[in-house]
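The values are calculated or read from the model by the stated rules, or taken from the named source; none is laboratory data. Not measured: the values here are computed from a predicted model. When we count neighbours, we look across all protein chains shown, and the Cβ atoms used for this are built from the backbone with ideal geometry, even at glycine. Surface areas here come from the heavy atoms of the whole protein model, side chains and all, with no ligands, DNA or RNA. Shrake-Rupley method; radii C 1.70, N 1.55, O 1.52, S 1.80 Å.
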Amino acid sequence: MTQMTFARAINAGLRKSLENDPKVVLLGEDIGTLGGVFRVTDGLQKDFGTHRVVDTPLAESAIVGTAVGLAYRGYRPVVEIQFDGFVYPAFDQIVSQVAKIHYRTRGAVKMPITIRIPFGGGIGSPEHHSESPEAYFTHTSGLRVVTVADPQDAYTVIQQAISCDDPVLYFEPKRRYHDKGEVDEALDPAAAEPMGRARVLATGTDVTLVAYGPLVKTALDAASAAADEGISIEVIDLRSLAPVDYDTVVASVRRTGHLVITHEAGQSGGLGAEVAASITERCFYYLEAPPVRVTGFDIPYPYSKLEMHHLPGLDRILDGVDRALGRPNSLSGLEG
Amino acid sequence: MSTDQTGQGGSTASTSARYPHGQGRDLVQLVTPSGERVSHPEFDYWVRDITDEQLCSLYEDMTVIRRIDVEATALQRQGELGLWPPLLGQEAAQIGSGRALRSDDFVFSSYRENGVAYCRGVDLTDLVRVWRGNASSGWDPYTVNMATPQIIIGAQTLHATGYAMGIQNDGADSVAVTYFGDGATSEGDVNEAMVFAASFQVPVVFFCTNNHWAISEPVRLQSHIQLADRAAGFGIPSLRVDGNDVLAVMAATRVALDRARRGGGPTFIEAVSYRMGPHTTADDPTRYRDANELEDWAAKDPISRIAALLDRKGLLTEELQQQVKDKADAVAHEMRTGCTTMPDPEPLDVFKHVYSTPNSWLDRQQDHYARYLASFGDPAGAVSEEGAR
Ligand SMILES: Cc1ncc(C[n+]2csc(CCOP(=O)(O)OP(=O)(O)O)c2C)c(N)n1
């Protein structure tokens, strides 16, 4: 066990993958000499060389598009998109090419590409640096979309993503990069919890609270705060956003009868809507109240002075829990 | 260095005599680093009207924007700004081009062109509004004919080209000018902008400031040839100019503007300069950049250069220096005051301007959030940084 930051844990996972498989190559802007703007790839170019850790020209479509070519050639490219808001120039390559080539070629061509995207807000950045674009990708079949919530998971899942034969979008909650945690570097990723599975991080009996990425910590904090008021919250870290591990959520909701889902992305067309609908279909007779979503607003990500209003915080999540449980809340007395 | 681009790009062939293309790819230079005015057979013509008084005012502008830049960097260090992208070293490129523009020309820039914004008359408080995190944009583009700064690398070059298509349709003689960096030339958008600009022969100037670095990546990673030479492949004539020579930059910009106004289509300018500071206040250039390189470029400092020129001409009096310093101090003070006294935005402001007309769906989210804030009694204090953890 070693104490390390989130960013360091991903770095260690990338290092392991580079060591274990000569076909793994890293591509991205500023990932070499600088070690990435968040230092996630720090030292890797020095140790593995410029052919394995490639500083690319400033062109996202080219970064992902050439990764496709490398994958055709048998490589396992790991691509870094510098910030969430800069993935859009590569959108076409991701949704029209990366996602579809396995299907298009009837399985003849594998696309084992990992696309790392630091995402989410809370760090006081300017425009385009705090977005949560995951729903654009979960809507595209053929992509696996995952995110992680603690250093150990970050370390394991990055290796699982790289060894997965499908394309994986690996969303890194950037406001947690400096959080520390225990990491067991000896843990074999193949033997660990598969990246497709949700985890129950806190057990509870009153309400199921589903979160992922940056909000998992907030959800856990909300659960402890609620416990002080005698409310028992079960916290699920979704981990895989596509495909979603519904079985784990269903099992929980069947016990609690209440569901709250939280994410930073805007509400409309977001993953919360998908989870709410799917759980309603599968658990209608178990639910004692409609599922509640606590999300960002349907607005462009706001300037930093106001971002804390847009981001679901502990209090807003608890207010959502009160709504799900029919306790007094900010909307009490309002009809639907 | 021998690519002769004369005759490249459709209609430019017939006008090649009037419009220098920088035959050979040596840098166009009118003032040497030691401040000597060297004559140039083609470009002298374009700055022949610049009086001593105007030279002094270029010196003042450059000094003022350096002071603005230093002040903003200090404001960031003091926690008053979230981030700042310094333009240190690029003063000549920004002032030389910015002062060449007409007020009805329209600028589409990146985040680093604060000197150009100053030339356009952007209010000093507006200059820092975005970097303080108080707003998504600092000014109304139509009041200064300059779009708000672009963060997505290269996106603005397409906007400029489209604006120029509009100018062409309207039969006007104004010009769209777009600023971007050396790194940006790798993006698809910039290349597509050049395709459109050349296809439609629209009045747009591509002003590329080659400051040698795209965060940690040297310009040689973006291009195997000189950036100016790329334009030829699109059929766009180009100029390669000493970006630390304010007169040369002004001359080149005037050449490009004049060509555009006369229906000659787009021009690509590569202003060769150097980013002497970090990429932004969040960057640490010592991780990737050799200190000697910085020293070499410091010797070519654009402000020292024009000061040396003025000195040779006997214009750099103590009086002038004092006057320029006072102006720079006053401007910096005004910006600081504007920045530190800027009121914080109201929480519900986040719902403003999502659409041009209200809609019940978003109104409902706003109403619910207002109720949520009210449930704490004290709306302003309800949501702390804590709450957003
Ligand atoms: C599409 C996109 N990708 C990545 C970034 C992150 N980024 C911001 S500035 C920058 C370097 C830009 O270099 P250059 O174009 O040379 O302009 P300079 O900053 O040197 O003025 C990068 C990679 C971005 N803003 N937009």
Under 7 Å by Cβ, and 6 or more places apart or on different chains, what pairs join a residue from region A:156-185 that is open to solvent by 10 Å² or more (accessible area, probe 1.4 Å) with one that is of a type in the set (Ser, Thr, Tyr) and not in a helix (DSSP H, G or I)? A:HIS178/A:THR5; A:ASP179/A:THR5; A:LYS180/A:THR5; A:GLU185/A:THR2
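Those residues that are over 19 Å from B:GLU295 (Cβ atoms) and either part of a helix (DSSP H, G or I) or within 11 Å of the ligand (Cβ to nearest atom) (or both), I need them from region B:84-101; list them, please. It would help to see each step written out before you state the result.
Within region B:84-101, the subset over 19 Å from B:GLU295 (Cβ atoms) is B:84-85, B:87, B:93-101.
Those that are over 19 Å from B:GLU295 (Cβ atoms) and either part of a helix (DSSP H, G or I) or within 11 Å of the ligand (Cβ to nearest atom) (or both): B:PRO85, B:LEU87, B:ALA93, B:GLN94, B:ILE95, B:GLY96, B:SER97, B:GLY98.
Yes/no per residue for (1) within 14 Å of chain B (Cβ to nearest Cβ); (2) buried (at least 21 other Cβ atoms within 10 Å of the Cβ):
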residue	(1), (2)
A:THR50	yes, no
A:VAL78	no, yes
A:ASP84	yes, yes
A:PRO89	yes, yes
Of (1) more than 14 Å from chain B (Cβ to nearest Cβ); (2) closer than 29 Å to A:GLY85 by Cβ; (3) out of contact with any Phe, Trp or Tyr (no Cβ under 7 Å at 6 or more places or on another chain), A:VAL294 fails just (1)
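Please verify whether A:SER130 is in contact (Cβ under 8 Å) with a residue 12 or more places away in the chain and buried (at least 24 other Cβ atoms within 10 Å of the Cβ), treating the condition exactly as stated.
Values: in contact (Cβ under 8 Å) with a residue 12 or more places away in the chain: yes; buried (at least 24 other Cβ atoms within 10 Å of the Cβ): yes.
Against the criterion (in contact (Cβ under 8 Å) with a residue 12 or more places away in the chain and buried (at least 24 other Cβ atoms within 10 Å of the Cβ)), A:SER130 qualifies.
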Per the filter on region B:121-168, residues among the hydroxyl-bearing types (Ser, Thr, Tyr), within 16 Å of the ligand (Cβ to nearest atom) and either at pLDDT 95 or above or touching a strand residue (DSSP E or B) at 6+ places or on another chain (Cβ under 6 Å) (or both) are B:THR148, B:THR157
Residues satisfying the stated conditions in region A:133-149, i.e. away from chain B (no Cβ under 14 Å) and part of a loop (DSSP other than H, G, I, E, B): A:HIS139, A:THR140, A:SER141, A:GLY142, A:LEU143, A:VAL148
Could you check, for region B:224-238, whether at least one of its residues is farther than 17 Å from B:LEU88 by Cβ and charged (D, E, K, R)? yes
Per-region count, region A:94-121, residues over 30 Å from A:TYR303 (Cβ atoms) and either within 16 Å of the ligand (Cβ to nearest atom) or of a type outside the set (Ser, Thr, Tyr) (or both): 15
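Report, by residue number, each residue of region A:273-296 that is under 16 Å from A:HIS310 (Cα atoms) and either assigned to a loop (DSSP other than H, G, I, E, B) or open to solvent by less than 40 Å² (accessible area, probe 1.4 Å) (or both). Step through it out loud before you land on a result.
The first filter runs over region A:273-296 and keeps only residues under 16 Å from A:HIS310 (Cα atoms), leaving A:293-296.
The answer is A:VAL294, A:THR295, A:GLY296.
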When only residues in region B:81-99 that are more than 15 Å from A:PRO126 (Cβ to Cβ) and open to solvent by 20 Å² or more (accessible area, probe 1.4 Å) count, which is nearest to the other protein chains (Cβ to nearest Cβ)? B:LEU88
Residue pairs meeting the criteria (Cβ under 8 Å; at least 6 apart or on separate chains; first at the interface with another protein chain (Cβ under 7 Å from one of its Cβ atoms), in region A:32-43; second open to solvent by 10 Å² or more (accessible area, probe 1.4 Å) and more than 14 Å from the ligand (Cβ to nearest atom)): A:THR33/A:GLN45; A:THR33/B:ARG287; A:LEU34/B:ARG287
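Hey, among the residues in region A:313-336 that are in a loop (DSSP other than H, G, I, E, B) and facing chain B (nearest Cβ under 8 Å), which one's farthest from the chain's Cα centre (by Cα)?
Step one: of region A:313-336, the residues in a loop (DSSP other than H, G, I, E, B) are A:313, A:326-336.
Now restrict to residues that are facing chain B (nearest Cβ under 8 Å): A:313, A:329-331, A:334.
On the way: A:GLY313: 18, A:ASN329: 29, A:SER330: 29, A:LEU331: 30, A:LEU334: 34 Å.
If we take residues in region A:313-336 being in a loop (DSSP other than H, G, I, E, B) and facing chain B (nearest Cβ under 8 Å), then A:LEU334 is farthest from the chain's Cα centre (by Cα).
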So if I check each of A:GLY65, A:GLY69, A:GLY74, which one is within 13 Å of another protein chain (Cβ to nearest Cβ), more than 16 Å from A:TYR136 (Cα to Cα) and more than 21 Å from the chain's Cα centre (by Cα)? A:GLY65
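Can you pull out the residues in region A:23-46 that are part of a strand (DSSP E or B) and within 15 Å of the ligand (Cβ to nearest atom)?
Our first condition is that a residue be part of a strand (DSSP E or B); within region A:23-46, this holds for A:24-28.
Answer for region A:23-46, where residues must be part of a strand (DSSP E or B) and within 15 Å of the ligand (Cβ to nearest atom): A:LEU27, A:GLY28.
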Of the residues B:SER174, B:SER136, which single one is among the hydroxyl-bearing types (Ser, Thr, Tyr), more than 10 Å from every other protein chain (Cβ to nearest Cβ), open to solvent by 10 Å² or more (accessible area, probe 1.4 Å) and assigned to a loop (DSSP other than H, G, I, E, B)? B:SER174
Which one of these does B:ARG67 not meet: (1) modelled with pLDDT of 95 or more; (2) within 16 Å of the ligand (Cβ to nearest atom)? (2)
Pull up region B:235-248, narrow it to residues that are in a loop (DSSP other than H, G, I, E, B) and more than 16 Å from the ligand (Cβ to nearest atom), then point me to the one that is nearest to A:ARG39 (Cα to Cα). B:ASP245
Reported set for region A:210-248 where residues are assigned to a strand (DSSP E or B) and among the hydrophobic types (A, V, I, L, M, F, W, C) is A:VAL210, A:ALA211, A:ILE233, A:VAL235, A:ILE236, A:LEU241, A:ALA242
Yes or no: region A:61-77 includes at least one residue that is away from the ligand (no atom under 13 Å from the Cβ) and closer than 27 Å to A:THR5 by Cα. yes
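Would you confirm, using the coordinates I've provided, whether B:VAL195 is in contact (Cβ under 8 Å) with a residue 12 or more places away in the chain, surrounded by fewer than 22 Cβ atoms within 10 Å (Cβ to Cβ), closer than 27 Å to A:THR66 by Cα and within 10 Å of the ligand (Cβ to nearest atom)?
Numbers: in contact (Cβ under 8 Å) with a residue 12 or more places away in the chain: yes; surrounded by fewer than 22 Cβ atoms within 10 Å (Cβ to Cβ): yes; closer than 27 Å to A:THR66 by Cα: yes; within 10 Å of the ligand (Cβ to nearest atom): no.
No: the conditions fail for B:VAL195.
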What tally of residues in region B:318-346 results from selecting those that are open to solvent by less than 60 Å² (accessible area, probe 1.4 Å) and not in a helix (DSSP H, G or I)? 2
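Would you check which residues across region B:100-112 are touching a Leu at 6+ places or on another chain (Cβ under 8 Å) and open to solvent by 10 Å² or more (accessible area, probe 1.4 Å) and list them? Let's see the steps before the verdict.
Pass one, region B:100-112, residues touching a Leu at 6+ places or on another chain (Cβ under 8 Å): B:100-102, B:105, B:107, B:112.
Within region B:100-112, B:ALA100, B:LEU101, B:ARG102, B:ARG112 qualify.
Is it the case that region B:144-152 has a residue that's assigned to a helix (DSSP H, G or I) and open to solvent by 30 Å² or more (accessible area, probe 1.4 Å)? Even if it seems obvious, please write down each step before you answer.
Going through region B:144-152, the residues assigned to a helix (DSSP H, G or I) turn out to be B:144.
Checking the rest, the ones that are also open to solvent by 30 Å² or more (accessible area, probe 1.4 Å) come to none.
Scanning region B:144-152 turns up no residue that is assigned to a helix (DSSP H, G or I) and open to solvent by 30 Å² or more (accessible area, probe 1.4 Å).
Here are some residues: B:ALA214, B:ALA228, B:ALA251, B:ALA232. Which one is more than 16 Å from the ligand (Cβ to nearest atom) and closer than 21 Å to B:ALA193 by Cβ? Steps first, please.
Details: B:ALA214 fails: more than 16 Å from the ligand (Cβ to nearest atom); B:ALA228 fails: more than 16 Å from the ligand (Cβ to nearest atom); B:ALA251 fails: closer than 21 Å to B:ALA193 by Cβ.
Checking each option against the conditions leaves just B:ALA232.
Looking at region B:272-291, which of its residues are in a helix (DSSP H, G or I) and modelled with pLDDT of 95 or more? Before you say what the answer is, go through the steps one by one.
Keep residues of region B:272-291 that are in a helix (DSSP H, G or I), which gives B:285-287, B:291.
Hits for region B:272-291 are B:PRO285, B:THR286, B:ARG287.
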